[in-house]
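K.L.:
Following this message is one structure expressed as structure tokens.
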Amino acid sequence: LNAHGNSSSFTDHKLSVGDYFPDIVLTSERGETISLQTKNNRPKLIVFYRGNFCDFCQESLREMNDRMDTFMAEGIDVIAVSTDSVGESCQLADRLGLRFPIACGLTVAQMEEVGLFIHTRDPATSP
């Protein structure tokens, strides 16, 4: 734990260039099934963000949304991914007017599978 009562870790597993993305299937903010694995040979931009509470993340999602015409013209599928619930993600997508799906409910095990940095907070000791 650090001075704020938070713990953080990097998982041992890291994806490298050329690795296949794990076959993680989540539910979108609209209740649709989304696979994060590329199966149609179209490139995917998969952006993991901390959650709807994160102002920086919201600004990044807005900027991605502003560039959707470019992504679509290049044939790039865009997916945002979060641990947030379907309801929280739906509210965020509506508020920001997102033109790409949010894959919801990412678990710690799935975060570890893709090698994400995992930060946990102890509510008793963290602001």
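The values are calculated or read from the model by the stated rules, or taken from the named source; none is laboratory data. Because the structure is a prediction, the values reported are computed rather than measured. Glycine gets a Cβ as well: all are built from the backbone with ideal geometry, and neighbour counts include every protein chain shown. Heads up: the accessible areas ignore ligands, DNA and RNA and are worked out on the full protein's heavy atoms, side chains in. Shrake-Rupley method; radii C 1.70, N 1.55, O 1.52, S 1.80 Å.
K.L.:
Only one of Asp69, Asp12, Asp23, Asp84 is open to solvent by 70 Å² or more (accessible area, probe 1.4 Å) and at pLDDT 90 or above; which?
P.N.:
Result of the check over Asp69, Asp12, Asp23, Asp84: Asp69.
K.L.:
Filter the range 42-66 down to the residues that are open to solvent by less than 30 Å² (accessible area, probe 1.4 Å) and not hydroxyl-bearing (Ser, Thr, Tyr), then identify the one that is farthest from Met111 (Cα to Cα). Talk me through it step by step, then tell me what you get.
P.N.:
Let us first name the residues in the range 42-66 that are open to solvent by less than 30 Å² (accessible area, probe 1.4 Å), namely 49, 51, 54, 57-58, 61, 64-65.
Among the residues that remain, those that are also not hydroxyl-bearing (Ser, Thr, Tyr) are: 51, 54, 57-58, 61, 64-65.
On the way: Gly51: 14, Cys54: 18, Cys57: 17, Gln58: 20, Leu61: 20, Met64: 22, Asn65: 24 Å.
This residue is Asn65.
K.L.:
Here's another thing I want to ask about it. Select from the range 72-81 the residues that are open to solvent by less than 60 Å² (accessible area, probe 1.4 Å) and farther than 16 Å from Thr107 by Cα and write down the one among them that is nearest to the chain's Cα centre (by Cα). Quick ask: steps written out before the conclusion?
P.N.:
Taking the range 72-81 and keeping what is open to solvent by less than 60 Å² (accessible area, probe 1.4 Å), we get 75-81.
Of the ones still in play, those that are also farther than 16 Å from Thr107 by Cα are 75-79.
On the way: Gly75: 20, Ile76: 16, Asp77: 14, Val78: 11, Ile79: 8 Å.
Result: Ile79.
K.L.:
When only residues in the range 87-110 that are within 15 Å of Asp55 (Cα to Cα) and exposed (fewer than 15 other Cβ atoms within 10 Å of the Cβ) count, which is farthest from the chain's Cα centre (by Cα)?
P.N.:
Residues of the range 87-110 that are within 15 Å of Asp55 (Cα to Cα), as a first pass: 88-89, 91-93, 95-96.
Next, from what is left, pick out any that are exposed (fewer than 15 other Cβ atoms within 10 Å of the Cβ): 91, 95.
Numbers: Gln91: 16, Arg95: 17 Å.
Of everything passing the filter in the range 87-110, Arg95 is farthest from the chain's Cα centre (by Cα).
K.L.:
Take the residues in the range 26-41 that are of a type in the set (D, E, K, R) and at pLDDT 85 or above, then tell me which one is least open to solvent (accessible area, probe 1.4 Å).
P.N.:
Quick first cut of the range 26-41, residues of a type in the set (D, E, K, R) only: 29-30, 32, 39.
Next, from what is left, pick out any that are at pLDDT 85 or above: 29-30, 32.
Working: Glu29: 20, Arg30: 124, Glu32: 111 Å².
Looking at the filtered set, the residue picked out is Glu29.
K.L.:
Condition check: at negative phi and modelled with pLDDT under 95. Does Asn2 satisfy that? Break it down into steps so the answer makes sense when it comes.
P.N.:
Numbers: at negative phi: yes; modelled with pLDDT under 95: yes.
The answer is yes for Asn2.
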